[in-house]
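Contents: one structure, followed by commentary.
The values are calculated or read from the model by the stated rules, or taken from the named source; none is laboratory data. Everything quoted here is computed from the prediction, not taken from an experiment. A quick note on method: Cβ atoms are made from the backbone with ideal geometry, for glycine too, and the neighbour counts reach across all protein chains shown.
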Amino acid sequence: MDKVSLAVNKRNDVGGKGEKQRLRNQGIIPGVLYDNGDSHPVQVLTKDFSNILKRYGSNAILQVSYEGNSRQVFIKEVQRDPVKQQLLHFDLQPIAADEFMQLSIPIQIEGQNAVESKGGILQRQLQEIDVEALPQDIPQVIRVDISHMDIGDVLQVGDINVAEGVKILSNPDETIILVSEAAMEVEEDDEVDSPIETSVESVDNENE
């Protein structure tokens, strides 16, 4: 997993929710940096933190600079507005290089077009899986190629191959994707279903 640099600044924790909202209005997101049992109120530009989430995801390992010191952390929690999805708050947790971590990693599916060209419809059941690994071995995403799958095939967690040093914790029997057959549309035959109309022609007989 890529290491990303981020500089955070000390935050004035006086003022409660009102102060935090004032920061958000200025394009700054408040957060907390945990370190050796202590918690430090910090802040960072919202655009910088947002860019990290978009590019590296919430599982990114960060090299954080704070008050002249640099430490390795991971994003423990990100809070968003449930409606606007605006970033509200973040928590950063320090990690050690020899400390195993348990995280949920997104599954990136590849080869969908090949399956769909065979008439298959993908039914996605699982978006991410739980893994355990050292910080340097944590993948950003887990890529799975399904181009070989046919109609009726099922991909389970146990079918996934991951890099050395990564242990899958999710249930191996859990379904990720199943391929079903596309439903065939039956068109009505108007010529068959339409009633047959008949006409009776009257013939007048002339008396001579």
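Within segment 130-141, the presence of at least one residue that is surrounded by fewer than 16 Cβ atoms within 10 Å (Cβ to Cβ) and modelled with pLDDT of 95 or more is confirmed. The requirement of being in contact (Cβ under 8 Å) with a residue 12 or more places away in the chain, under 23 Å from LYS54 (Cβ atoms), within 18 Å of the chain's Cα centre (by Cα) and outside the structural domain of VAL73 (by TED's automatic domain parsing) is fulfilled nowhere in segment 148-170; no residue meets it.
Checked across segment 77-96, the condition of being within 30 Å of ARG143 (Cβ to Cβ), in contact with a helix residue (DSSP H, G or I) (Cβ under 6 Å, 6 or more places away or on another chain) and surrounded by 16 or more Cβ atoms within 10 Å (Cβ to Cβ) holds for at least one residue. Considering only residues in segment 27-48 that are more than 24 Å from the chain's Cα centre (by Cα) and of a type in the set (Asp, Glu), the one that is farthest from PHE74 (Cα to Cα) turns out to be ASP38.
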